[in-house]
Amino acid sequence: MSQYYIWTIGCQMNKAESERLGSYLEQLGYRATATAEEADFIVLNSCVVRQSAENRVINKLNALKSLKRLRPNLTLAVTGCLVNSEVDQLRQSFPYVDYFFKPGDYPQWMVKKAESVPVLPRHPSPCTFVPIIQGCDNFCSYCIVPYRRGRERSRRVEEIACEVKELVHRGVKEVTLLGQNVDSYGHDLPDKPDLADLLNELNAIDGLARIRFLTNHPKDMSPRLIEAIAYLDKVCEQISLPVQSGNNEILKAMRRGYTVEQYYQLVTQIRSKIPGVALSTDVIVGFPSESPLQFQQTVNLLTELRFDTVHVAAYSPRSGTIASRKFEDNIPATEKRERLNKIEQLQENIATEINAQLLGRTVEVLVDGKKKGKWQGRTQSGKLVFFSDNGNYLGQLMKIRIEKTSPWSLQGKVKADSAD
Ligand code: SF4
């Protein structure tokens, strides 16, 4: 039997696509293998969101060139964000790669062989990702995604609902709907449904316990969506809302399309409508010309709004983006590192305090796997919980009494009569 190996880097979108691609290949008769060296078919599912990620992909491709030389029958394919509209150029640079294809746009021989075979994982995890919109129309000045993933393309509500029903049939309890900007969902479809419509439809699916979604865009998150999250019982009270900076000039240079004041208003609105909501955000430090005062404004925003999670990155210019053409990368690396450390330390303290409030409380956890001998799962608000117990709890909703907290996760014990 032929064997395949998929090397995936990047975001959840890529992971979801690799899972589907793996399932597709298995339905074509391939079997997964643990190492690229053993495989007959290798796929690189690439991420190029940062220059360093693109460099890793190129290095991997160069390493595979020798493997292909040793084993000419090996089939090599590349998908993901590296595959832009200039495929001919990619073919010239990497002539030993057999196929370049955009995510989900499988080569003809695969499609012909599979006919109408569904690409859903046969044995999905209880918590599974479901892409709902590809691409992005926003062109934030630092971001390469719109150039690589193209314009927004939404999948139809009926198609997604049908897929989620089938996933539930295969054992899935929780879906995370994915998109670069889920708040844009549906604007390109005939009846212009929005994310609230989609959530309503999915909330009615029997057997599905939870629905999450990411990532939101502060300029596009509507009051209608906030209402839907508040009243739909299966929709988790967890929102990812990247702010990127606490200074309006920097936000303008980033082309984010909102002001700090509008962001505060949105958070206030969300928190008043959805009590107990867990908010996470993303921040870039050291954007070109970010002054110490402008950075301090970001620190102030994070201190005041107290997010459950903050993902912080130091700015690095990405060739092909507006920022790389227009602005000089003029904040020294040591300064960027200091700013990043400062935010990480601040957030560690905030998350320590927020999570400590759960000590002694009982939370509901959907168990999605085991790590280092302990069961793990997440609460409705997305907190990671570990517990030890001999039973088999995979895919079950368990009541766990929290006995230990840290900024990153919680630990607890099964409460009697806990299983669903
Ligand atoms: S919203 Fe901005 S940061 Fe997010 S993918 Fe689109 S362009 Fe990139």
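The values are calculated or read from the model by the stated rules, or taken from the named source; none is laboratory data. No experiment lies behind these values; they were computed from the predicted model shown. Virtual Cβ from ideal backbone geometry, glycine too; neighbours counted across all protein chains shown. Calculation scope for accessible area: heavy atoms of the full protein, side chains included, ligands and nucleic acids excluded. Shrake-Rupley method; radii C 1.70, N 1.55, O 1.52, S 1.80 Å.
Just name one of ILE331, PRO317, THR352: the one whose Cα is farthest towards the positive end of the charge dipole of region 316-375 (beta-carbon charges, Lys/Arg +1, Asp/Glu -1).
Positive-end residue among those listed: PRO317.
In a GNM of the chain with a 10 Å cut-off on Cα contacts, which of HIS123, HIS311, HIS217 has the highest mean-square fluctuation?
Fluctuation is largest for HIS123.
How large, in percent, is the carbon and sulfur part of the accessible surface of region 219-303 at a probe radius of 1.4 Å?
Ligands and nucleic acids excluded, carbon and sulfur give 51 percent.
Straight-line reach from LYS371: which lysines fall under 24 Å, measuring Cα to Cα and dropping same-chain residues less than 8 apart?
LYS15, LYS173, LYS383, LYS399, LYS404, LYS413, LYS415
Could you calculate the contour length gain from LYS192 to ALA34, that is, 0.36 nm times the residue separation minus the distance between their Cα atoms, to one decimal place in nm?
Result for the pair: 52.6 nm of gain on full extension.
Tell me whether region 316-368 comes out rounded, prolate or oblate; compute the Cα gyration tensor, take square roots of the eigenvalues as a ≥ b ≥ c, and use a/c under 1.5 as the rounded threshold.
Note, shape of region 316-368 comes out oblate.
Rank TRP375, TRP109 by accessible area, highest first, at a 1.4 Å probe radius?
From most exposed to least exposed: TRP109, TRP375.
Select from region 25-116 those GluC sites (Glu not before Pro) which occupy a DSSP coil region and have at most 11 other Cβ atoms within 10 Å, ordered by residue number.
Filter output for region 25-116: GLU86, GLU115.
Which residue fluctuates most in the GNM of the chain (Cα springs below 10 Å): PHE307, PHE94, PHE386?
PHE94
Which residue, VAL283, VAL87, VAL365, tops the fluctuation ranking in a GNM of the chain built on C-alpha contacts under 10 Å?
Evaluated over the chain, the most mobile residue of the options is VAL87.
What size of dipole, in debye to the nearest 20, comes out for region 1-129 about its Cα centre when the only charges are +1 on Lys and Arg C-beta atoms and -1 on Asp and Glu C-beta atoms?
Computed about the Cα centre, the dipole is about 180 debye.
Would you mind pulling out the separation of the Cα centroids of region 176-227 and region 63-87, in Å?
Value for the Cα centre distance between the two parts: 35 Å.
Residues of region 227-256 with backbone nitrogen within less than 16 Å of a virtual label 7 Å along the Cα-to-Cβ line of ASN203, please, listed as ranges.
Once the point is set 7 Å along Cα→Cβ of ASN203, 227-239 turn out to lie under 16 Å by backbone N, inside region 227-256.
For ILE354, ILE239, give the ranking by accessible area with the largest first, probe 1.4 Å.
ILE354, ILE239
Is the shape of region 339-380 best called rounded, prolate or oblate, per the rule: a/c under 1.5 gives rounded, else a/b larger than b/c gives prolate, else oblate, with a ≥ b ≥ c the square roots of the Cα gyration tensor eigenvalues?
oblate
Tell me, which cysteines of the chain are without a disulfide-compatible partner by the Cβ under 4.7 Å rule?
CYS11, CYS47, CYS81, CYS127, CYS136, CYS162, CYS236
When only DSSP loop residues count, what GluC sites (Glu not before Pro) in region 263-334 have their Cβ near at most 16 other Cβ atoms within 10 Å?
Hits after loop and neighbour filter: GLU328.
Grab the Cα-Cα distance for LEU90 and LYS404, subtract it from 0.36 nm times how many residues apart they are, and report the gain in nm with one decimal.
Extra length available between LEU90 and LYS404 comes to 107.9 nm.
Under unit Cβ charges (Lys, Arg +1; Asp, Glu -1), what dipole magnitude, rounded to 20 debye, does the chain have relative to its Cα centre?
With only Lys, Arg, Asp and Glu charged at Cβ, the dipole is about 940 debye.
Choose one of THR362, SER406, GLN380: the residue whose Cα lies farthest towards the positive end of the charge dipole of region 361-420 (beta-carbon charges +1 Lys, Arg; -1 Asp, Glu; about the Cα centre).
Working it through, the farthest residue towards the positive pole turns out to be SER406.
Please compute the per residue accessible area over the chain with all protein chains in place, 1.4 Å probe, rounded to a whole number of Å².
With the other protein chains kept in place, the chain gives 47 Å² per residue.
Please state the relative contact order of the chain as a whole percent: Cα pairs under 8 Å, 6+ residues apart?
Relative contact order, the chain: 10 percent.
Rounded, prolate or oblate, given the Cα gyration tensor of region 79-232, with a/c below 1.5 counting as rounded?
Oblate is the answer for region 79-232, as a/c is 1.5 or above yet b/c matches or exceeds a/b.
Can you compute 3J(HN,Hα) from phi for each residue in region 12-28, using the Karplus curve 6.51 cos²θ - 1.76 cosθ + 1.60 with θ = phi - 60°, rounded to whole Hz and x for Gly and Pro?
4, 4, 5, 5, 4, 5, 5, 4, 5, 4, x, 5, 4, 5, 5, 6, 8
Sort out for me the Cα centre separation of region 310-360 from region 367-420, rounded to whole Å.
For region 310-360 versus region 367-420, the Cα centre distance is 30 Å.
Among the aspartates and glutamates, which have Cα under 16 Å from the Cα of LYS372 when same-chain residues fewer than 8 positions away are ignored?
LYS372 reaches ASP389.
Calculate, in whole percent, how much of the Cα-Cα pair population of the chain lies beyond 38 Å.
I get 25 percent for the Cα pairs in the chain exceeding 38 Å.
Amide H neighbours of PHE213 under 5 Å, counting only residues 5+ apart in sequence or on other chains, H built in-plane at 1.01 Å?
Answer set, sorted by chain and number: LEU177.
Using only protein heavy atoms and a 1.4 Å probe, report how much of GLU166 is accessible, in Å² to the nearest 10.
60 Å²
Starting from the amide H of LEU394, placed 1.01 Å from N in the peptide plane, find each other amide H under 5 Å away whose residue is 5 or more places distant or on another chain.
It is none; the list stays empty.
So how exposed is SER66, as accessible area in Å² (1.4 Å probe, rounded to 10)?
About 60 Å², rounded to the nearest 10.
Which listed residue (PRO146, LEU198, VAL97) has the Cα farthest towards the positive end of the charge dipole for the chain, taking +1 on Lys and Arg C-beta and -1 on Asp and Glu C-beta about the Cα centre?
So the residue we want is VAL97.
Rounded to the nearest 0.05, what FRET efficiency do SER319 and LYS342 give with R0 = 35 Å and r taken as the Cβ-Cβ distance? Could you check?
E(calc), rounded to 0.05, equals 0.80.
Residues with amide H under 5 Å of ARG255's amide H, sequence separation 5 or more or different chain, H placed in the peptide plane at 1.01 Å from N; which?
Amide H to amide H, under 5 Å and 5 or more residues apart or across chains, ARG255 pairs with SER141.
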